[in-house]
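This report refers to the structure that appears directly beneath it.
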Amino acid sequence: MALREQIGREAIPSAAVLDSQSVKSAEKGGGKDDAVGYDAGKKVKGRKIHALVDTEGLPMRVVVHSAAIQDRDGAGLVLENIRRRFLWLDLIWADGGYNAWQVETAVAKVPVLRVEIVKRSDDMNGFVVVPRRWVVERTFSWFGRNRRLAKDFENLAQTPAAFVTLASIQLAVRRLGRVKS
């Protein structure tokens, strides 16, 4: 909240961006908590980090689960109890993977919350920065700077979730120190 205020934003965000990232598990095998799965879309065996970030890329809610869980199903895990911490949140931008009835059901449980799907234009070729979605991709890039998050070495899903929290704290403290200077 202090970081958002120092950069001229409201303390509590009213908009956020939702996405997920599949993280490949190490060769050690699977985790001991059945939270390792296979993401058929990305052809990755491991876990999935689902993140809801504010418009500055600061994580608001992060959930780590099996990579076998589709984005549309994982959205419910991220949005569960979101209103308790973020009272003014009313808009979430997401990619086409969240354009499903499962997401609509999860959003319907949260009063005045709406999801806007940000799609790539069909006439675009190659890499193109898509408005709003790049914010969460940048956050995943920040997470990837931490060696323990670049690949899943852990036995329990709570461990990478804790490391994501630590990476988020590190990111916020560094940015807060940079803004004050």
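Per-residue ellipticity at 222 nm, computed for the chain from helices alone with -39500 (n - 2.57) per DSSP H run of at least four residues, works out to -10500 deg cm²/dmol. For region 100-181, chymotrypsin sites (Phe, Trp or Tyr not before Pro) meeting the loop criterion (DSSP other than H, G, I, E, B) and having at most 11 other Cβ atoms within 10 Å: Phe127. Residues in region 91-181 average 64 Å² of solvent-accessible surface per residue, probe 1.4 Å, ligands and nucleic acids excluded.
In this structure, the amide hydrogen of Val36, modeled 1.01 Å from its nitrogen in the peptide plane, lies closer than 5 angstrom to those of Gly31, counting only residues at least 5 positions away or on a different chain. One equal scatterer on each Cα of region 1-83, no solvent, Debye formula: the resulting log10 I(q)/I(0) at q = 0.22, 0.24, 0.26 Å⁻¹ is -0.95, -1.06, -1.17. Between Phe153 and Arg84, full extension at 0.36 nm per residue minus the direct alpha carbon distance yields a gain of 21.6 nm.
Across region 1-160, Cα pairs under 8 Å and at least six residues apart give a relative contact order of 27 percent.
Label-to-label distance, Ala108 versus Gln6, with points set 7 angstrom from Cα along the beta-carbon direction: 4.3 nm.
For Asp123 and Asn146, FRET efficiency with R0 = 45 Å and r from the beta-carbon atoms, rounded to 0.05?
On the way: r = 37 Å, r/R0 = 0.82.
That pair, Asn146 with Asp123, gives E of 0.75.
What share of Cα pairs, in percent, lie more than 20 angstrom apart in the chain? Of the Cα pairs, 55 percent sit more than 20 Å apart. Per atom type, region 77-181 shows carbon and sulfur on 55% of its accessible surface, probed at 1.4 Å. In loop segments of region 1-94 as defined by DSSP, the trypsin sites (Lys or Arg not before Pro) with at most 15 further C-beta atoms inside 10 Å of their C-beta are Lys28, Lys32, Lys42, Lys43. Shown here for region 106-177: trypsin sites (Lys or Arg not before Pro) in loop regions (DSSP other than H, G, I, E, B) with at most 13 other Cβ atoms within 10 Å, namely Lys109, Lys119, Arg120, Arg145.
Amide H contacts of Asp152: Lys24, Ser25, Ala26, each under 5 Å away and 5 or more positions distant or on a separate chain (H built 1.01 Å from N in the peptide plane; Pro and chain starts excluded).
The values are calculated or read from the model by the stated rules, or taken from the named source; none is laboratory data. It should be emphasised that the depicted structure is a prediction, and the values quoted were computed from it without experimental measurement. Please note: Cβ atoms are built from the backbone with ideal geometry, for glycine as well, and neighbour counts cover all protein chains shown. For accessibility, only protein heavy atoms count, side chains too; no ligands or nucleic acids. Shrake-Rupley method; radii C 1.70, N 1.55, O 1.52, S 1.80 Å.
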